[in-house]
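Participant: This is the structure I have questions about; it appears just below.
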Amino acid sequence: MITLIKNATLINEGEQFVSDVLLTNGKINKIEKNIEQKADRVIDAKGLHLLPGVIDDQVHFREPGLTHKGDITTESRAAVAGGITSFMEMPNTIPNATTCKLLEEKFSRAAEVSSANYSFFMGTTNDNLNEIQNIDFSQVCGLKIFLGSSTGNMLVNNSKTLDRIFKEVKTLIAVHAEDDPLVQKNLEKVKEFYGEDILPYFHSIIRNDEVCYKSSSAAVELATKHGTRLHILHVSSAKELSLFTNKIPLKEKKITAEACIHHLWFYDEDYATKGNLIKWNPAVKTLHDREKIWEALLDGRIDVIATDHAPHTAEEKAQPYLKAPSGGPLVQHSLIAMLDFYHQGKISLEMLVQKMSHNVADLFQIKKRGYLREDYYADLVLVDLNKPTLVSKQNLLYKCGWSPFEGHTFKSSVTHTFVNGEVAYENGMINDAIRGKRLEFSR
């Protein structure tokens with residue numbers, strides 16, 4: 001399949017320019033003005049912006065074991081509709097992906113059904129280091145450690161085990177950093193005053209900045225001790241930002257950080273209207289925390305933007321606070337949410353692409369993705385900055401059928417998403433014949 005995109009405004013590597021782009025055999029063949037070549041399809045993209053496809057380094061697609069909430073088919077379809085061409089999925093499914101066999105079963109399933117390119121984190125327990133050492137991390141995005149409570153046996157809280165993992169594992173280690181004993185202590189204090197009938201607002205108090213900093217700082221201390229490649233997921237508090245630097249280039253950093261859409265968009269006053277719909281772990285915190293996360297994102301202390309997409313059913317979320325699970329669906333709207341911030345003047349298109357595509361590819365050492373470059377895979381997204389998108393139940397692709405953005409009109413829209421040179425999404429329609437590829441890593 002040969003596709004020629006004409007007259008697009010490209011956003012790539014800090015520049016913005018009008019060009020044609022020729023796609024052949026799944027890759028970008030040529031980036032030039034006025035390309036004259038026969039093609040199976042020509043797309044006139046005048047007035048549209050062409051970006052590298054978004055790479056989301058943290059999603060929970062719920063398969064296997066939790067497929068009443070979401071699955072690889074449904075959530076990858078929602079992802080490509082949102083301009084996400086590659087995702088990295090977390091191991092806290094049922095069963096947990098903590099053995100080589102279980103991990104490869106997820107890869108095999110994705111090869112059958114995923115609309116986007118994919119990779120899966122290997123999970124960690126207090127006793128599976130031998131399994132971890134058998135993983136080929138040129139074929140797997142990284143190792144995930146839950147330093148806060150998680151599904152099944154994935155809370156790693158043995159200090160000797162952690163020290164050994166940080167010392168011996170020679171790949172990227174991504175961590176969910178919350179101190180579980182401190183969470184429980186805070187919860188008991190709130191219960192003393194309010195009993196079992198706790199408002200969702202108290203989530204930001206129970207899982208406060210100290211909960212996050214205590215765990216994040218311990219992880220950084222371990223990584224510094226052993227020279228480990230550490231990635232702190234979903235930074236949610238101002239206090240944690242002292243742990244990160246912008247004084248060296250990303251490719252030289254041993255310790256990197258991620259911000260998520262919900263921590264950039266919401267803050268604690270939103271619990272009054274959104275309730276459990278914005279209950280995530282780590283918690284959405286104060287306006288001050290949100291502002292400081294934005295500062296760190298823009299100045300380079302925070303390196304990438306992700307979603308932590310984690311769907312639950314509407315019925316599960318409608319339960320009282322103590323019973324309602326944490327997490328929510330975001331992949332269909334992450335790019336256009338960030339484009340709203342562009343319209344507000346908070347972030348440039350060039351930096352948006354850097355944080356959602358370039359830096360993710362560099363940070364994880366992904367082969368030939370994340371950039372608009374000749375001979376790179378043709379993972380691309382065309383956006384119309386001036387075509388609004390109203391979020392309604394009728395146009396949601398999440399299996400859970402709800403979004404914290406319902407009723408909001410974004411200022412921009414995704415018109416086309418290309419996965420390996422094929423149109424996976426076009427103007428509201430998914431091409432269900434398209435299948436993504438397994439990501440590979442230069443390690």
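The values are calculated or read from the model by the stated rules, or taken from the named source; none is laboratory data. All values reported here derive from a predicted model rather than from experimental measurement. Glycine also receives a Cβ, built like all others from the backbone with ideal geometry; neighbour counts cover every protein chain displayed. Heavy atoms of the whole protein, side chains included, go into the accessibility calculation; ligands, DNA and RNA do not. Shrake-Rupley method; radii C 1.70, N 1.55, O 1.52, S 1.80 Å.
Participant: Could you go through segment 50-57 and let me know if any residue there is outside any strand (DSSP E or B) and open to solvent by 10 Å² or more (accessible area, probe 1.4 Å).
Facilitator: no
Participant: Being under 25 Å from ASP179 (Cβ atoms), open to solvent by less than 20 Å² (accessible area, probe 1.4 Å), in contact with a Leu (Cβ under 9 Å, 6 or more places away or on another chain) and part of a helix (DSSP H, G or I) is the requirement here; does ILE293 meet it?
Facilitator: yes
Participant: Somewhere in segment 65-78, is a residue free of Cβ contacts under 8 Å to residues at least 24 places away in the same chain, closer than 25 Å to SER357 by Cα and surrounded by fewer than 22 Cβ atoms within 10 Å (Cβ to Cβ)?
Facilitator: Scanning segment 65-78 turns up no residue that is free of Cβ contacts under 8 Å to residues at least 24 places away in the same chain, closer than 25 Å to SER357 by Cα and surrounded by fewer than 22 Cβ atoms within 10 Å (Cβ to Cβ).
Participant: Restricting to segment 221-238, what's the tally of residues that are open to solvent by less than 60 Å² (accessible area, probe 1.4 Å), assigned to a helix (DSSP H, G or I) and out of contact with any strand residue (DSSP E or B) (no Cβ under 6 Å at 6 or more places or on another chain)?
Facilitator: 3
Participant: Separate question: Within segment 148-205, which residues are assigned to a helix (DSSP H, G or I) and hydrophobic (A, V, I, L, M, F, W, C)?
Facilitator: Listed by number, the residues that qualify are LEU162, ILE165, PHE166, LEU182, VAL183, LEU187, VAL190, PHE193, PHE202, ILE205.
Participant: Failed condition for VAL175, given (1) without any contact (Cβ under 8 Å) to a residue 40 or more places away in the chain; (2) open to solvent by less than 50 Å² (accessible area, probe 1.4 Å), with all others met?
Facilitator: Unmet condition: (1).
Participant: Could you please find all residues in segment 270-290 being over 21 Å from GLU210 (Cβ atoms), free of Cβ contacts under 8 Å to residues at least 24 places away in the same chain and open to solvent by 50 Å² or more (accessible area, probe 1.4 Å)?
Facilitator: To start, the set of residues in segment 270-290 that are over 21 Å from GLU210 (Cβ atoms) comprises 270, 272-277.
When the remaining residues are screened for being free of Cβ contacts under 8 Å to residues at least 24 places away in the same chain, the result is 270, 273.
THR273 - this is the single residue of segment 270-290 that is over 21 Å from GLU210 (Cβ atoms), free of Cβ contacts under 8 Å to residues at least 24 places away in the same chain and open to solvent by 50 Å² or more (accessible area, probe 1.4 Å).
Participant: Evaluate the following for HIS262: is it more than 20 Å from THR171 (Cα to Cα) and touching a residue at least 60 places away in the same chain (Cβ under 8 Å)?
Facilitator: On the way: more than 20 Å from THR171 (Cα to Cα): yes; touching a residue at least 60 places away in the same chain (Cβ under 8 Å): yes.
The answer is yes for HIS262.
Participant: Hey, does segment 353-360 have a residue that's of a type in the set (S, T, N, Q), crowded, with 24+ Cβ neighbours inside 10 Å and touching a Gly at 6+ places or on another chain (Cβ under 7 Å)?
Facilitator: For segment 353-360, residues of a type in the set (S, T, N, Q), crowded, with 24+ Cβ neighbours inside 10 Å and touching a Gly at 6+ places or on another chain (Cβ under 7 Å): present.
Participant: Next question. Any idea which of (1) open to solvent by less than 20 Å² (accessible area, probe 1.4 Å); (2) modelled with pLDDT under 95; (3) more than 24 Å from THR99 (Cβ to Cβ) is the one SER215 doesn't satisfy?
Facilitator: Going through the list (1) open to solvent by less than 20 Å² (accessible area, probe 1.4 Å); (2) modelled with pLDDT under 95; (3) more than 24 Å from THR99 (Cβ to Cβ), SER215 breaks only (2).
Participant: Here's another thing I want to ask about it. So which residues in segment 291-317 are in contact (Cβ under 8 Å) with a residue 60 or more places away in the chain and closer than 22 Å to ALA78 by Cβ?
Facilitator: Scanning segment 291-317 gives VAL304, ALA306, THR307, ASP308, HIS309, ALA310, PRO311, HIS312, THR313, ALA314, GLU316, LYS317.
Participant: Suppose we keep only residues that are aliphatic (A, V, I, L, M) and either at pLDDT below 95 or open to solvent by 10 Å² or more (accessible area, probe 1.4 Å) (or both) within segment 7-39. Which one would you say is farthest from the chain's Cα centre (by Cα)?
Facilitator: This residue is ALA39.
Participant: Considering only segment 401-443, how many residues are among the β-branched types (Val, Ile, Thr) and in a loop (DSSP other than H, G, I, E, B)?
Facilitator: Of the residues in that region, 1 qualify.
Participant: Please go through (1) open to solvent by 10 Å² or more (accessible area, probe 1.4 Å); (2) at positive phi for GLY83 and return the number of the only condition it doesn't satisfy.
Facilitator: Evaluating GLY83 over (1) open to solvent by 10 Å² or more (accessible area, probe 1.4 Å); (2) at positive phi leaves (1) as the failure.
Participant: Here is a further query. Between ASN157, ASN126, ASN186, which is within 24 Å of ASN281 (Cβ to Cβ), open to solvent by less than 70 Å² (accessible area, probe 1.4 Å) and at pLDDT below 95?
Facilitator: ASN126 is the lone residue from the list that is within 24 Å of ASN281 (Cβ to Cβ), open to solvent by less than 70 Å² (accessible area, probe 1.4 Å) and at pLDDT below 95.
Participant: When residues of segment 20-48 are filtered for being in a strand (DSSP E or B) and touching a residue at least 24 places away in the same chain (Cβ under 8 Å), how many remain?
Facilitator: Count: 12.
Participant: Restricting to segment 373-406, give me the number of residues that are under 18 Å from the mean Cα position of the chain (by Cα) and of a type in the set (Ser, Thr, Tyr).
Facilitator: The total comes to 2.
Participant: Could you tell me which numbered condition GLU168 fails, if it satisfies all but one of (1) surrounded by fewer than 18 Cβ atoms within 10 Å (Cβ to Cβ); (2) touching a helix residue (DSSP H, G or I) at 6+ places or on another chain (Cβ under 9 Å); (3) at pLDDT below 95; (4) not hydrophobic (A, V, I, L, M, F, W, C)?
Facilitator: Every condition holds for GLU168 apart from (3).
Participant: So which of GLY82, GLY26, GLY70, GLY14 ends up being closer than 17 Å to THR417 by Cα and in contact with a helix residue (DSSP H, G or I) (Cβ under 9 Å, 6 or more places away or on another chain)?
Facilitator: Checking each option against the conditions leaves just GLY82.
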